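First up is the structure itself, then whatever we jot down about it.
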Amino acid sequence: MNMNLIERDSRYVWHPYTQMQTTPAPIGIVRGEGAYLYAGDGRKYFDAVASWWVNLHGHSHSYIAEKVSEQLRTLEHAMFAGFTHPPAVDLAERLLEVLPSDQAKVFYSDDGSTAVEVAVKMAMQYWSNKGTPRNRLIALKDAYHGDTFGAMSVSSRSTFTAPFSPLLFEVDFIDVPVKGSEEEALEQLRRIMLEREDEIAAFIFEPLVQGTAGMVMYEPGPLDQLLKICREHGILTIADEVMTGFGRTGKLFACNYLEQQPDIFCFSKGITGGTMAFGATTCTQQVFDAFLSGDKLKTFFHGHSFTANPLACAASLASLDILVEPETMESIARISRQHEAFAGKIAGHRSVRQVRCRGTIFALEWETGDSTSYFSGLRDKLYNFFLENGIIMRPLGNIIYIMPPYCSTEEELDFVYQTIELALEKFSA
Ligand code: PMP
């Protein structure tokens, strides 16, 4: 059955970011449970990356499944222009309640890229509505915000965008304020403000952890300073919490670590607990006010057929229920402690260039290989090694990371750490 699946797959299906015509062939997954994915040939894999960072509570969670199937039998979909429904309103209320700052409105979309598209379009139309159009953005170097054209335009790695040039608008990329680069980043932002403040619509950033860049981590302090400068100059700020949201960084949101708060948030990935594609963009009352003319709402020129899909909203509500349970919060804290302890243990290893942690995210940069290339020789070797040991890892070049489902046990993580130690010996500098 599995052979047949793989054969038919290679004949008919086109996968994302996969060198399909080369080995290894995709693995046919037929079932998911807890932190594991089960292949048709009977093998099981520990999902150390929560399936591209989305499965917060593991796979096929029974409570989410129950809530989604209940919703499926009640109302599976209704267009959202001119209509509303309880799951959409309940979720908006819940989201606004748990966010770290005063956000006023929730706009639903389909995934992380479209949550970013919405944010960027919202920021641009904000200025246009005010009668002072602005269409330039500021972003961080090495940023990744998605694969649609607007999201690509604010992403900086040419690996992902080179074939699609020209992109949609001008973006100034400033240094990531990692240790040692804080002053330079601030200086670059100040310079942009001096030169072309009145062209800048917004500053977009991945707060504290830049995922696709290779789990690049930086501190809240310098980000607060960047946000402060933007605020002083009236530039809108957009936190892309697509990856960092919903507990990943140890707090509910990465922006919980900040004093300054963004005007706009983008969410996706873990929002539904990994059940289905969904996105949400929230904004402050001040941003929304720019879309009001007296008591009339100016059209925001964006809308997806599946906006606020009731099943996705129900899944998100169920995922939030699980997330705020004390056991989940304890589990997040325990995973964070385990990561820190393991990082301390291996920091001095000759094969380790750097090891970094933020909450449930652990990253290890190999001494050998190029950390700026996604396709370094080490990448495939590491990917295959972990698979052979029953662990799903997706190295970013010579960087491996763990971002496990919150249901992962202490023993399961210990097994991943032990396998990393084996890999450090096998692929040593
Ligand atoms: N923003 C960030 C920070 C991301 O990490 C990603 C996905 N890796 C996206 C946006 C795009 O999300 P999606 O793949 O759901 O479109």
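The numbers here are math on the coordinates, done by the rules we state, and not lab data. Here the structure is a predicted model, which is why all the values come from computation and not from measurement. A quick note on method: Cβ atoms are made from the backbone with ideal geometry, for glycine too, and the neighbour counts reach across all protein chains shown.
Once the Cα gyration tensor of segment 349-425 is found, what semi-axes does its equivalent ellipsoid get, as square roots of 5 times the eigenvalues, in whole Å, sorted largest first?
20, 14, 12
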Tell me which of Ile235, Asn4, Ile402 sits at the most positive position along the dipole axis of the chain, charges placed on C-beta atoms (Lys, Arg +1; Asp, Glu -1). Asn4
Find the eigenvalues of the gyration tensor of the Cα atoms of segment 319-358, then list the square roots of 5 times those eigenvalues as equivalent ellipsoid semi-axes, largest first, in whole angstrom. 29, 9, 5
So how long is each side of segment 158-265 along the principal axes, counting just the alpha-carbon atoms, biggest first, in Å? 37, 36, 28
Going by how many other beta carbons lie within 10 Å of each one, how would you line up Val171, Val118, fewest first? Val171, Val118
Any idea what the dipole of segment 112-209 comes to, in debye rounded to 20, about its Cα centre with Lys/Arg Cβ at +1 and Asp/Glu Cβ at -1? 280
Between Ser293 and Asp380, the two model label points (7 Å from Cα along the beta-carbon direction) sit apart by a distance in nm of 5.8
Run the dipole for the chain about the Cα centre, Lys and Arg Cβ at +1, Asp and Glu Cβ at -1, nothing else charged, and hand back the magnitude in debye, nearest 20. 600
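Any number yet on Rg/Rh for the chain, C-alpha, Kirkwood?
My calculation puts Rg/Rh at 0.96.
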Hey, any idea what the orientation-averaged projected area of the convex hull of segment 168-223's Cα atoms comes to, in nm²? 4.4
The chain, Gaussian network, Cα under 10 Å: of Ile27, Ile271, Ile64, the residue fluctuating most is Ile27
Over segment 252-401, what is the relative contact order in percent, taking alpha-carbon pairs closer than 8 angstrom and at least six residues apart? 13
Total charge of the residues flanking Phe375 in space, meaning their Cβ is under 13 Å from its Cβ, with Lys and Arg +1 and Asp and Glu -1, is +2
If the reach is capped at under 18 angstrom between alpha carbons, list the lysines near Lys130, excluding any in the same chain fewer than eight residues apart. Lys121, Lys296, Lys298
Using a cut-off of under 14 Å, list every residue of segment 309-329 whose amide N is near the label point 7 Å from the Cα of Glu93 along the Cα-to-beta-carbon line. 317
What is the antiparallel percent of DSSP beta bridges lying wholly in the chain, to the nearest 5? 65
Segment 374-414, Kirkwood Rh and Cα Rg, ratio Rg/Rh at 1.03
Provide Lys141, Lys269 in ascending order of the number of other Cβ atoms located within 10 Å of each residue's Cβ, fewest first. Lys141, Lys269
Shape call for segment 227-355 from the C-alpha gyration tensor, a ≥ b ≥ c root eigenvalues: rounded (a/c under 1.5), prolate (a/b greater than b/c) or oblate? oblate
Cα-based Rg (one decimal) and Dmax (whole number) for segment 119-196, in Å? 13.6, 40
For the chain, calculate the relative contact order in percent as a whole number, restricting contacts to Cα pairs under 8 Å that are 6 or more residues apart. 21
Environment charge of Val324, counting only residues whose C-beta is closer than 13 Å and scoring Lys/Arg +1, Asp/Glu -1: -3
Column: log10 I(q)/I(0), Debye, Cα scatterers of segment 1-97, q = 0.22, 0.24, 0.25 Å⁻¹: -1.15, -1.24, -1.28
Pick out which of Gly150, Gly34, Gly348 has the largest mean-square fluctuation in a Gaussian network model of the chain, springs linking Cα atoms closer than 10 Å. Gly348
Hey, what number do you get for the chain at 222 nm if only DSSP H runs of n ≥ 4 count, each worth -39500 (n - 2.57), divided across all residues, to the nearest 500? -12000 deg cm²/dmol
Rounded to the nearest 20 debye, what is the charge dipole size of segment 294-405 about its Cα centre when +1 sits on each Lys and Arg Cβ and -1 on each Asp and Glu Cβ? 340
What per residue convex hull volume, in Å³, do the alpha-carbon atoms of segment 304-394 yield? 172
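Within segment 348-429, list the trypsin sites (Lys or Arg not before Pro) lying in a DSSP loop whose Cβ has at most 12 other Cβ atoms in a 10 Å radius.
Arg350
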